[in-house]
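Comments concern the structure below.
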Amino acid sequence: MRIFFFLILFLSHPMAYAFELFPMVSFFSPQGSKSEQFFQVNNTTEQALPLEVFVKQRQVSTGDREQLADTEDFFVFPPQVLIPPKSTQMVKVKYIGNLVDTAQSYRVVFSQLPIKDDVEQSSIKMLFQIGALVFVSPDNVFNTISADINYQGNIPTSMKLANTGDGIVIIPQLSFEVKSEQATHNWKWQDIQHLLQQQYLVPGESVDIAMDTLLSPKDSQAKVDIKENR
C-alpha cells in the first residue's frame, strides 16, 4: 500500500540504510490494555541505524492526500534509538489522549537520522521514513457504510463508497451485492482490490471505485447491498 512509505533526500554517503517495521497497521483503544502496543524495528544492514520516532495525527478528505499534524496524543519510548547492525529494537507506543466518540487516525513515523560522519560528506544519500498507520477507536462504535453507483448517461462509471459511521471501515472485510435490471453481481475484496489504493476508510471519508470493468451499460439503475464480514 503506497501510503505507508516516505522517502527524504539528504547529502551523505550514496549507500542507503534499510530497516523493516512491524506491524504496519495497528488498532488502539483510547483506554485500557489495548491503548499500548509495541512496534518492532529490524535493522537489516551491517551498520548501526539511528532512528527518531514520533507520531502525527492524520486528516483525510475525499480526493486529497492525507495531511499530517503535530499531536501530543501518544507517549513513545524510546523516542530515539541507535540499533546495532543486524539487530532488533522494540518501541512502545501508548495513547494518552482524550477519550473519543469517533475513530481517529495517526501515523507513527520511524525516521532514519544521519550519522555524524555521513553529514560531513557531500554525496547524495537517501534516508528513509516509514509511517505505520494507526487507528484509535472507542469500543462499541457503530459502522455505517453507503455505496452508490454513479452514471454518465446510462453508463455506470463508478461506485462511491463512504464511511458514514463512527468506526473504521476495513474494505477487505466488505462484500457487495449489486442488483441491476439486467443481472445480480456479487463482489468480494479480491474482485475490486485492483481498483483501489487503500484498504481503510476513516469516519467521513469516501472513495470512488471505477466500474467500467465490473458493470456494463445494461446494468441500469443498479442498487448496492453491503455486508461487513468480521
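To the nearest 0.05, how large is the calculated FRET efficiency for residue 218 and residue 160 if R₀ is 22 Å and r is the Cβ-Cβ distance? Can you show the working numbers first?
Numbers: r = 21 Å, r/R0 = 0.95.
FRET efficiency, residue 218 to residue 160: 0.60.
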How would you order 215-225, 104-114 from highest to lowest mean count of nearby Cβ atoms within 10 Å? 104-114, 215-225
For the stretch 164-230, radius of gyration divided by Kirkwood radius, i.e. Rg to Rh on alpha-carbons: 0.97
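Mean residue ellipticity at 222 nm from the helices of the chain, using -39,500 (n - 2.57) per DSSP H segment of n ≥ 4 over the full residue count, to the nearest 500 deg cm²/dmol? The partial results should precede the final answer.
Details: 2 runs with 8 residues, N = 230.
Helix-only estimate at 222 nm: -500 deg cm²/dmol.
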Taking K and R as +1 and D and E as -1, what net charge do the other residues with C-beta under 11 Å from the C-beta of residue 37 add up to? +2
Cα lying deepest toward the dipole's positive end in the stretch 145-228, options 183, 211, 147, charges on Cβ: 183
Taking the structure as given and computing Rg and Dmax of the Cα atoms in Å, which label from (i) 21.4, 69; (ii) 16.8, 51; (iii) 17.3, 56 fits? (i)
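So how much slack lies between residue 69 and residue 25, counting 0.36 nm per residue of separation and subtracting their Cα-Cα distance, in nm? Could the numbers behind the result be given before it?
Numbers: separation 44, 0.36 × 44 = 15.84 nm, distance 1.87 nm.
Length gained between residue 69 and residue 25: 14.0 nm.
FYI, it's all coordinate maths here, none of it is from the lab. Values in this document were obtained by computation on a predicted structure and should not be read as measured data. Positions of Cβ are backbone-derived with ideal geometry, glycine not excepted, and every protein chain shown enters the neighbour counts.
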